[in-house]
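What follows is a short report on a single structure.
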Amino acid sequence: MGDSLINANPIIYEKTGERVLEQDDFDDNVEDKIDNREVFDLIRNINDPEHPLTLEDLNVVDCDNVHVNDDENSVEILFTPTIPHCSMATLIGLSIRVKLLRSLPPRFKVDVKISPGTHASEEAVNKQLADKERVAAALENSHLLSVVNQCLKSKRSSG
Amino acid sequence: MAAPCDSLIEDFMQNDDGTVPKKLSQTLVNGKISLTDIIENLGGHMTNTEVEVRKKATQLIADILHQLSHSFLSHNQVSLLSTYLCEKLKDHAFIHPPALYGLEALSRCDLISREIIELICRTIFKEVHAQSLPQSSRRSVYKILFQFLTGHLKDVQVLGTDFVYGFIQCMDSEQDPRNLVIAFTCAHIIIQHLPLGVFVEEIFEVVSCYFPIDFTPPSNDPSGITQEDLILGLRKCLSASPKFAQYCLPLLMEKLTSDMKSAKIDALYTLASCAAVYGSEKMFELQMSFFNCIKKEMFLSGDTKVEEAAITALTALIKTASTGLTQSDRKKSLEGFIEDILNECKSHLLQPELMLMKSTGRLLQAVATGSADACSQVAMVTIPLLIESYNKQTQHTPKHNVIIVLNKISETIGTFKFGNQSPLQSMKEPVLCIYGSAIDIDVTSIQVLAVKGLYLLVSLHNECLTDVDKTNMADKCLNKVTASQCETEIRSECNILLSFLLSTFPDLIQPHVYPVLFNKLHNDCMDVDDKTECDKTVILNILSEITSGLHNVKIVTQLLYKLLIDKEYLDLYVCITECLYKISTRCTDIDSVLYLCEGVKLIHQIITTHCRCPRWYNVLTNTAVISNISSFLRQVAAHWSHTVVNDIQSLYTESFLKTVSCKNCECCSIEALAQFQSNPESFCPLKPGCDCVFISVLSPIICCGPAKLQKDIPNIEEIQKYLHDLIFEPLDSVPYEYICKCVAGLLNKQEQNESLDTLLLKLLDNLSGCLCEKGNENSCYGNKQCVAALAWISKALIMRGHKLSEKFSDLLVSLLCHQVYGCLAADGFSIILTDNDDILNKSMQANIRMMYKQRFFLENLDKIVHNYHTADSDVKMNYLSALSHMLKNTNKSVILPELSKLYPLLIQSLLSNDLDLQLVTMDTLTDLIFNASNVIEKQLDSLIPQLLKMCVYKQSLKVRVSALKCLTQLTNLPLHKLLPYRNKVVRSLVPVLDDRKRLVRNEAVIARQEWILMDMDEDK
């Protein structure tokens, strides 16, 4: 597998710190809205399909490209493949989608797209990711599902 | 005599009476019958035409032999019986198991001769077909051989390759883990101590075919053999002899490229063990190929366990290559090897912004750890590259990465002693320069790394830094820590470095540090409006962190003592006392403790003379101050020398007993003096009133010493009498607790005699009188507190295992059903079982009986469970919370056997309305899932629905979070138990994803993810 890596030695970016907890977070009477940072925290630790790194390490996702509107039930995520020809782009997008499918309340409408101008086949990938039925069909494929789960597995449970 | 023997044998032969062997062996040992009697009586059965009968007779002999001690049989008897049983091996195969079992007993006899050993071995190898025997008999064979190999190795060696060949035949295709553990041990001894001759490859094959071991012990496995046992056993065999190199290394190479994670890890560790034994010559050819495999794992696996194994293997390879250095022509081997490695890594070091930089750093560290030569070579090449790399970069992240690697190399250099040849010597300037510039980069993590790097440099053996370098370092750190906006992480790192510099080079560094800090303390803050200066509390904090070593302690404590008596510094009292306490934790030598004793006397003086000035009184009785002072006293009392003990103790006890008149206060208003109404002019802490709070200061002084010296403390009896009276006085809860602790501390160590028993019975009488009397609402205030006193006294006695302790704890248990005292009694269980920092612990030399908590748990559990079931519903809660305190503080291994009894109560606790109880119960459950999964497994039906209900418990987010954590923990149970609940859990958690609190949502996401992903393959 060593020879077939698409990007053998990618650039590493600095991680954002953990969210700082505030007094309100522990107050039963205050309602916390779902915000950009919270959704970013959901996806930043997704594992990259080919490196032992997270999507945040590689700057594939960053907090500025996560847009959440709790009141209007909408989430939009733009992600940036490490290189414009990255063949993993669809898989990464799918992983983000599945993670949010499992972690967000069903009232949200989620859009996962490639940041404009960062990938050669941007449109095709976006179309695939937006097609609910294709996403559902992809997850019927047990091999694909296990690859996605591999990306979503937290470091904690992999011991 | 023959008659009973005869009938016993018949009993065995006819009725299968299992007690016969034991009875017969006893009569043998008593000398009532002889071995010949038994054999003669058995004669008919031994030659019977029925195989079944012969087998049974042989079994009887074997069973008897197993009952005898190693030294019972004489030389002749051993020989005779061995020869006889060997003959039996030539009989029908049906008789082999009992014959082997008998031989197993004989092989342990002390008086076994070389000839007999040879006979037994040869007969087994010739007659026994191990593969067709049952497991227990194969085990007998291995045990016999193991016995000979460990007890009579010389005799076995005579057999030479015959033994080796015989063993190979026996062990071939063994499958049972219980047998393999013994077989591997035998093989290890054989490989190391017997001539293998032409069988090197055969014996390698016979053991290596198990590699890598993949074994999951069945649940409830009584043998207790783990995968780890087998792996280590096999690894020892594979690394037993350099002769295996040619076969083993290719095998390891193959497994290293395997896809199985566990196989890779095993192969890497085995490689590490083998390299050490095989030696540099055997490893030379393949070392570069191994390196390439290891490199791949370190760069790509991303798994910490694999990486750890890879690092171990690489270090072992280098270590082995380094041992080749004694032969001059081999010098090439290590140097060449490392050169090749460095060539592969150099380019990564020059691209510190990329992923492989850090892995490369770890890899080079593993190489350098191999030997001093390796370390030196790696350092010489990499440090210049790192310097170049650092200077070329403008971005922060790459610089950060460079320093990480640089620190790893420095750290490794520090593990070797280089004398004057330190590889850093020639590069010291640029390295210092890097750290110096990095410390000023405005990124916390980089600054922290730079300070750590400086620490590594200055703590190197023979550090080759000049005085100017060191003082520069100190100045730089000092500037950092005293700056107001310094991050805590950086400050603590700088403090570590300063502390090291100060204690290692006191004369050089002191003049640079203390005057600056002292100046800032004395400066009048009022008119300084400079925001860059930090305040005095920070300075005191720094002092407390960096001061250690006799000389430094002296300087700083002198200053602190001055501040303590200075009215101007009353506002800083919390910090000053804290600083004093923290410094005292680092003083254990007699001389520094002497300086601290001055402080002990000073504190006494301050309390007794200033406590009638309201300003001073309020500061001195501030909870934080009094706790700091007590901690300081405790610390000194734990280390003071016997020469000062008596002085200080009588100083304190006398002034506590006698009414000391205090200076009249001149600075405060008359109104403020009202708080001293009971004793306006004198200090009298042993009478109910405002001074009782100072008993907290007395406790460390009189409760610290060894038990046998307690009676020598001046005035101790009188003090104790006063304390016992105070228990029954209505006081504020804080001073009341101080009194209870002091009483408990003394009772715990008081000499056992009649007067102690009388004293205790009187206390018990008073307490039960006070607690059991009916009605009278007014007296309740004082009485309520007595429950705490009861708990503390019980604790003191339970800890020492006093015979009267049960009377006290029974009283406490009986109070659980009381309407008013019940919940306080439940808290008493927490008092009894929680460890205290201030009293009844090791450093106070308390009288602690082993496992007192476990005993207490077992002695009271049944009472509580039983009383719970019979109690009225409105007090049932008290039992549950007492139970929860017990569970929280008792060792899990004691709880587990009782769990089936407890489980229903735990579920009741979950259903209760008491928030704290629910939380504690869920914590306990979370623990138990780890430790007692088999009990929890059976209860999922009741547990999971309850937890799911609690995930949406409106009132408290804490309950929701705990319930979700508990659900997450459950995924550690065996998959097949969980699968039936999976859909329900995953579905039920959907609404929780929309909880109004973020903390709950986070836990819900984790729990749901774990339940969805729980069937994912662990390996790969």
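The values are calculated or read from the model by the stated rules, or taken from the named source; none is laboratory data. On a predicted model such as this, the values are computed, not experimentally measured, just so you know. All Cβ positions, glycine included, derive from the backbone under ideal geometry; neighbour counts span all protein chains shown. What goes into the accessible areas is simple: the full protein's heavy atoms, side chains included, and nothing from ligands, DNA or RNA. Shrake-Rupley method; radii C 1.70, N 1.55, O 1.52, S 1.80 Å.
Extension gain, B:ASN523 to B:HIS976, is 156.0 nm, computed as 0.36 nm per intervening residue step minus the present C-alpha separation.
Treating each Cα of the stretch A:23-152 as an identical point scatterer and ignoring solvent, apply the Debye formula and state log10 I(q)/I(0) at q = 0.17 Å⁻¹. Computed log10 I(q)/I(0) values: -0.88. Length available on full extension from B:SER437 to B:ASP340: 0.36 nm per residue minus the Cα-Cα distance, which gives 31.7 nm.
Here is the size of the stretch B:587-630 from its Cα atoms: Rg then Dmax, 12.4, 37 Å. Counted over the protein assembly as shown, the DSSP beta bridges are approximately 60% antiparallel. Between B:ASP765 and B:ALA707, the contour length at 0.36 nm per residue exceeds the alpha carbon distance by 18.3 nm. Interface residues of the stretch B:348-365, defined as those losing at least 20 Å² of solvent-accessible heavy-atom surface relative to the isolated chain (probe radius 1.4 Å), are listed as B:GLU353, B:LEU354, B:MET355, B:LEU356. Extending 7 Å from Cα along the Cβ direction at B:GLU281 and again at A:GLU22 yields two label points whose distance is 7.3 nm. Over the C-alpha atoms of the stretch B:5-55, the Rg to Rh ratio, Rh being the Kirkwood estimate, stands at 0.98. Interface residues of the stretch B:288-323, defined as those with an accessible-area decrease of at least 50 Å² between the chain by itself and the complete set of protein chains (probe 1.4 Å), are B:LEU300. Rounded to the nearest percent, how much of the accessible area of the stretch B:1-114 (1.4 Å probe, protein heavy atoms only) is carbon and sulfur? The C+S portion of the solvent-accessible surface of the stretch B:1-114 is 53 percent. Basic side chains Lys and Arg get +1 at the Cβ, acidic Asp and Glu get -1 at the Cβ, and with that the dipole of the stretch B:25-142 about its Cα centre reaches some 260 debye. Extent of the stretch B:86-145 along its three principal axes (Cα atoms, max minus min coordinate, largest first): 30, 19, 15 Å. For the segment B:1002-1014, counting C-beta atoms of other chains within 10 Å of every residue's C-beta and taking the mean gives 4. The C-alpha radius of gyration of the stretch B:916-1020, expressed as a fraction of 2.2 N^0.38 Å, stands at 1.01.
In the stretch A:3-50, the convex hull through the Cα atoms has an average projected area of 4.8 nm², a quarter of its surface area. If you take all other residues with their beta carbon under 10 Å from the beta carbon of B:LEU89, and give Lys and Arg +1 and Asp and Glu -1, the sum is 0. The tail of the calculated P(r) for the protein assembly as shown, taken as Cα-Cα distances beyond 44 Å, holds 62 percent of the pairs. Here chain B was treated as a single set of alpha-carbon atoms; its pair distances binned every 20 Å from 0 give 10, 23, 35, 25, 6, 0 percent. Here the average projected area of the convex hull drawn through the C-alpha atoms of the stretch B:389-492 stands at 6.5 nm².
Averaging the Cα positions of each part gives two centres, and for the stretch B:52-93 and the stretch B:782-852 these lie 61 Å apart.
Helix B:536-546 and the long axis of chain B differ in direction by around 30°, with both axes built from C-alpha atoms. Note on the stretch B:1-111: Cα convex hull, mean projected area over all directions, 6.1 nm².
Sorted by packing (mean other beta-carbon atoms within 10 Å per residue), highest first, where do B:870-878, B:381-389 land?
My ranking of the peptides, most packed first, is B:381-389, B:870-878.
For the stretch A:57-159, the carbon plus sulfur part of the accessible surface works out to 53%, probe radius 1.4 Å.
The stretch B:945-980: which residues show an accessible-area loss of 30 Å² or more, assembly versus chain alone, 1.4 Å probe? At a threshold of 30 Å² (probe 1.4 Å), the residues of the stretch B:945-980 that become less exposed are B:LEU957. Listed peptides B:583-592, A:12-21 appear in the order B:583-592, A:12-21 once ranked by packing, highest mean of other Cβ atoms within 10 Å at the front.
If one takes the accessible area of chain B alone plus chain A alone and subtracts that of the pair, with a 1.4 Å probe, what total in Å², rounded to the nearest 100, results? Can you show the working numbers first?
Details: alone 46320 and 9960 Å², together 52790 Å².
Adding both sides of the contact gives about 3500 Å².
Within the stretch B:59-199, all pairs of alpha-carbon atoms sorted by distance into 10 Å bins from zero give the percentages 12, 46, 36, 6, 0. The angle between the Cα long axis of helix B:177-193 and the longest principal axis of the Cα atoms of chain B comes to about 80 degrees, rounded to the nearest 10. When each of the peptides B:98-106, A:34-42 is scored by how many other beta carbons lie within 10 Å of its residues on average, the order from highest to lowest is B:98-106, A:34-42. Of the solvent-accessible surface of the stretch B:916-1020, computed with a 1.4 Å probe over protein heavy atoms with every protein chain present, carbon and sulfur atoms account for 49 percent.
Tilt of helix B:304-323 relative to the longest C-alpha principal axis of chain B, in degrees (0 to 90, nearest 10)? So the helix axis and the longest Cα principal axis differ by about 70 degrees. What does the charge count around B:LEU501 come to, taking other residues whose C-beta lies under 12 Å from its C-beta (Lys +1, Arg +1, Asp -1, Glu -1)? Summing Lys and Arg as +1 and Asp and Glu as -1 gives -3.
Please calculate how many Å² of accessible area chain B carries per residue, with a 1.4 Å probe and no DNA, RNA or ligand atoms counted.
About 44 Å² of surface per residue is accessible.
Distance distribution P(r), the stretch B:403-560, all Cα-Cα pairs, bin width 5 angstrom from 0: 1, 9, 19, 20, 19, 15, 9, 5, 2, 1, 0 percent. Once both labels are positioned 7 Å from their Cα atoms along Cα-to-Cβ, the gap between B:HIS551 and B:LEU111 label points is 7.4 nm. Distance between the modelled labels on B:GLU898 and B:ILE848, one decimal in nanometres: 2.0 nm (7 Å Cα→Cβ projection).
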